[in-house]
Amino acid sequence: MCCMKSIILPTPVGHTTDKFPESEMPFYRKLGRTDLTVSCLGLGGGGGVSSADTLYAFEQGINYFFYSSDLHHFMYSSMSDALRQLCGRASSVREQVVLATVTYIKSPKAAIAALLDQFMELGIDYIDVFFWGWIDANDGQILQDCLQLSPDLKSSHSFYKHAIEEMVGTSERLKEMGLVRYIGASFHDINLASQWLNSPLLDVVMVRHNAGHRYAQSQIFHQLNPQDLQRPGIVTFKSTSYHSGRLWEIPTGLPTGCWQPKAPDFYRYSLSQNCVDVCLTGLRSREEIDVAIAGVKQGKLTPEEIDYLNLYGDLHQNRLDIQAISPERLLYRA
């Protein structure tokens with residue numbers, strides 16, 4: 001297990017370092033209208049990443065961590081020791097970490113139970129972004145009911161805060177703020193996400209996006225102005241996979257010698273889109289962490305590369321025949 005004393009803290013946005021020099025695709029950025037500074041790569045526990053490698057990710061500069069306590073918890077729990085070190089009450093680096101947690105129990109009445117599980121398990125004082133998870137097409141009214149709690153969850157004088165304090169005890173940090181700094185929702189329905197895009201009750205919107213599933217580009221990303229300081233934060237997930245399989249698996253008919261993109265290329269694909277702040281990943285090891293960071297350091301994809309990956313995604317989903325593609329639109333890589 002890595003020692004906390006060896007952790008290298010991320011550098012705030014706007015600073016240039018040898019590790020992450022300023023570029024057209026900065027590694028650190030502001031998460032929408034929040035005051036949170038986030039790494040463009042986020043790390044979730046869905047891939048079963050270990051605590052040792054979670055700490056390694058933080059040492060390498062990743063500071064956005066996503067944790068689930070009630071869906072696939074057996075996979076996420078392998079990173080819990082690291083999150084206790086980074087975000088627990090004894091942590092000396094808590095202010096450098098952005099902890100995002102989620103509940104898939106979409107019930108206002110169950111909110112206090114979901115929060116209590118997370119506060120007790122991780123030994124934390126507060127959550128930076130609390131997500132209502134897996135919001136699908138039929139969940140419009142449920143989401144509306146849940147989001148009515150936003151002011152109470154963020155208040156420093158609410159029932160929810162006092163209830164948690166009774167269970168876990170008070171602290172200086174908990175006295176200063178509410179349980180949750182910002183509220184997010186993870187959408188599996190783009191139409192519903194677009195309806196809530198400008199809600200004052202929702203600070204961060206998380207949507208599925210990849211080269212084979214591009215609906216968020218027109219309905220979410222292109223609806224936002226990057227100069228608008230009041231826009232919500234945008235997080236993407238499922239950057240490398242679709243129901244047909246992993247996107248790095250070569251689609252049928254792709255000519256020999258054509259560019260065969262890997263996972264980091266798909267992270268760059270999402271991060272090259274308008275107003276995307278964080279690409280959430282399921283990195284499983286420090287080797288994958290190193291490769292992902294090295295990929296992001298290459299900066300935004302070119303228009304030609306994005307066009308090619310659009311074609312690649314369509315081929316992967318059998319929406320396009322290779323014979324219909326002009327040869328000049330294909331990219332070849334050694």
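The values are calculated or read from the model by the stated rules, or taken from the named source; none is laboratory data. These figures come from a predicted structure and were not determined experimentally. When we count neighbours, we look across all protein chains shown, and the Cβ atoms used for this are built from the backbone with ideal geometry, even at glycine. To get the accessible areas, we keep the full protein, side chains included, count just its heavy atoms, and leave off ligands, DNA and RNA. Shrake-Rupley method; radii C 1.70, N 1.55, O 1.52, S 1.80 Å.
Annotations for the structure displayed:
- The candidates Arg33, Arg231, Arg94, Arg319, arranged from most to least accessible area with a 1.4 Å probe in the full protein assembly, appear as Arg319, Arg33, Arg231, Arg94.
- Where the chain is the region considered: accessible area per residue in Å², 1.4 Å probe: 43 Å²
- Taken over segment 192-247, the percentage of Cα pairs per 5 Å bin, counting from 0 up to the bin with the maximum distance, is 4, 18, 29, 22, 13, 8, 4, 1.
- Taking the Cα centre of segment 181-334 as reference, the dipole from Cβ charges on Lys and Arg (+1) and Asp and Glu (-1) amounts to some 260 debye.
- In percent, rounded to a whole number, the relative contact order of the chain is 18, using alpha-carbon pairs under 8 Å and six or more apart.
- Compactness relative to 2.2 N^0.38 Å, alpha carbon Rg of the chain: 1.00
- Furthest towards positive pole of dipole, Leu309, Met120, Ser68, structure part the chain, Cβ charges: Leu309
- The simple Förster model, with R0 at 35 Å and r as the Cβ-Cβ distance, assigns Lys300 and Val168 a FRET efficiency of 0.25.
- Calculated [θ] (222 nm, deg cm²/dmol) that DSSP helices of n ≥ 4 give over the chain, each run adding -39,500 (n - 2.57): -8500 deg cm²/dmol
- Checking the Cα-Cα distances for Lys30/Lys154; Lys109/Lys238; Lys30/Lys175; Lys106/Lys161 against a 27 Å cut-off, the pairs over it are Lys109/Lys238.
- Within segment 240-327, the GluC sites (Glu not before Pro) that combine a DSSP coil assignment with at most 15 other C-beta atoms in a 10 angstrom radius are Glu249.
- Highest mean packing first, where packing is the average number of other Cβ atoms within 10 Å per residue, the peptides 219-225, 208-214 line up as 208-214, 219-225.
- If you take all other residues with their beta carbon under 14 Å from the beta carbon of Gln317, and give Lys and Arg +1 and Asp and Glu -1, the sum is +2.
- The H on the amide N of Tyr242, modeled in the peptide plane, is under 5 Å from the matching H of Leu247, each at least 5 residues off or on a different chain.
- Whole-percent carbon and sulfur share, accessible surface of the chain, 1.4 Å: 51 percent
- The slack in the chain from Asn274 to Lys19, taken as 0.36 nm per residue of separation less the alpha-carbon distance, amounts to 89.4 nm.
- Which of Cys258, Ser326, Leu247, positive extreme of dipole for segment 218-334 (C-beta unit charges): Leu247
- Estimated FRET transfer efficiency (Trp259, Phe74; beta-carbon r; R0 30 Å; 0.05): 0.25
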